[in-house]
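Here is the structure we will look at.
Derivation of every value follows stated rules applied to the coordinates shown; laboratory data play no part. Note that the structure is predicted; figures quoted are calculated from it, not measured. A quick note on method: Cβ atoms are made from the backbone with ideal geometry, for glycine too, and the neighbour counts reach across all protein chains shown.
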Amino acid sequence: MGDEREKRRVPVDGGRNLTQNPFGALESAGLPPGPAEGESTGGATAPTSGRKAPNRNRGRVDITRQTAHRGGKVVTVISGFVGIGAPEKEQLAKAIQQACGTGGTVKEGRIEIQGDRRSEAAKVLADAGFRPVMAGG
């Protein structure tokens, strides 16, 4: 049964060009031209607004010192971030770790730094545009 049918194989070496350009209809839509072939855009660009300087008030963040459930070790916990994602928290954590000379991590939306490093963390956060607040004991 299977011998009568002719098997069609599609080459996967990229030798055949597309016969139809899916974006051909957009050329007459009056859109600005994209980057030239092989030209790099340098990553994603942020949308520009009429402002001259970036927003330096990025909100309040709480800095606390905790020892609970950590075997008696002191940990500085920074929480309360609004409007930033995990990659930016990772960058902030790395900057704070370098400033403090200690280790740390990002867990459940919080930055945890080893040791009581509240003042160093507050300085790095203030430089990044946040308003650090020492909360708790």
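Arranged from highest to lowest average of other beta-carbon atoms within 10 Å per residue, in what order do the peptides 99-107, 122-130 appear?
122-130, 99-107
Only loop residues by DSSP count here, and only those with at most 16 other Cβ atoms within 10 Å; note down the GluC sites (Glu not before Pro) in the range 97-137 that meet that.
Taking the range 97-137 and a limit of 16 other Cβ atoms within 10 Å, the loop GluC sites (Glu not before Pro) found are E108.
Suppose a student asked you for the relative contact order of the range 60-134, using Cα pairs under 8 Å spaced at least 6 residues apart; what percent would you report?
It rounds to 37 percent for the range 60-134.
Take the Cβ-Cβ distance between R131 and F23 as r, set R0 to 30 Å, and report the resulting FRET efficiency rounded to the nearest 0.05.
0.05
Viscosity 1.002 mPa s, temperature 20 °C: what is the translational diffusion coefficient of the range 60-134 from Stokes-Einstein with a Kirkwood Rh over Cα pairs, rounded to a whole number of µm²/s?
Result for D is 178 µm²/s.
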